[in-house]
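Inspection log for the structure reproduced underneath, given as structure tokens.
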Amino acid sequence: MFVSDILAYKGDRVISVAPQDGLAAAIAVLAARRIGAVLVLDAGGAIAGILSERDVLHAMARDGAAAITRKVSEVMTAAVVTCDPDDSIEHVMETMTERRFRHLPVVRQGRLCGMISIGDVVRLRLEEQRREADALREYITAA
């Protein structure tokens, strides 16, 4: 199974904010969409960063209530790790576990293709395991 299989299921829609947006507005997007991270895209549509719940939490711990007045660019993670649609689910799981990420943008040859979450990865793996178990049961009962 590959990242492209996740995108085929969930689509390529990406929720994003701009670097100059206020943190309060970005938090409202996270809450309204019930998501844990948004991509930060510059005016040209290139990835400038990613803003996660963890980034917000660290900003609040550091700056208290004043963090709400900051711009997204001051709080986001600028060094964004991405994956490719052809990456295996196992590779993505390793990356997410080792680097402690819950969200990965999917990029092919510099073009944003979507974003996946750890929930998407787990859902696909569970589906794959169910299919394998069903195939084994069918094989055993047919023998």
Loop-resident trypsin sites (Lys or Arg not before Pro) in the stretch 1-59 with no more than 15 other Cβ atoms inside 10 Å, DSSP not H/G/I/E/B, are Arg13, Arg34
Lys/Arg Cβ at +1, Asp/Glu Cβ at -1, dipole of the chain taken about the Cα centre: which of Ile50, Ile140, Ala61 is farthest positive-ward? Ala61
Proportion of all alpha-carbon pairs of the stretch 1-74 beyond 18 Å (%): 43 percent
Pairwise centroid distance, computed over Cα atoms, of the stretch 34-72 with the stretch 106-143, Å: 30 Å
Environment charge at Cys113 (Cβ cut-off 15 Å; Lys +1, Arg +1, Asp -1, Glu -1): -2
Once the dipole of the chain is set up with Lys and Arg at +1 and Asp and Glu at -1 on Cβ about the Cα centre, which of Ser73, Gly22, Val3 lies farthest towards its positive end? Gly22
Tell me the label only: which of (i) -0.47, -1.10, -1.18; (ii) -0.37, -1.07, -1.16; (iii) -0.39, -1.19, -1.31 is log10 I(q)/I(0) by the Debye sum over Cα atoms at q = 0.11, 0.19, 0.20 Å⁻¹ as calculated from this structure? (i)
Divide by every residue of the chain the summed helix terms, -39500 (n - 2.57) for each DSSP H run of at least 4, and state the resulting mean residue ellipticity at 222 nm, rounded to the nearest 500 deg cm²/dmol. -15000 deg cm²/dmol
Report the charge-dipole magnitude of the chain in Debye, nearest 20, computed about the Cα centre from +1 at each Lys and Arg Cβ and -1 at each Asp and Glu Cβ. 480 debye
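Taken together, the values in this text are just the output of simple stated rules run on the coordinates, not laboratory data. Bear in mind the structure is a predicted one, so any value in this text is a computation, not a measurement. Neighbour counts run over all protein chains shown; Cβ positions are idealised from the backbone, glycine included.
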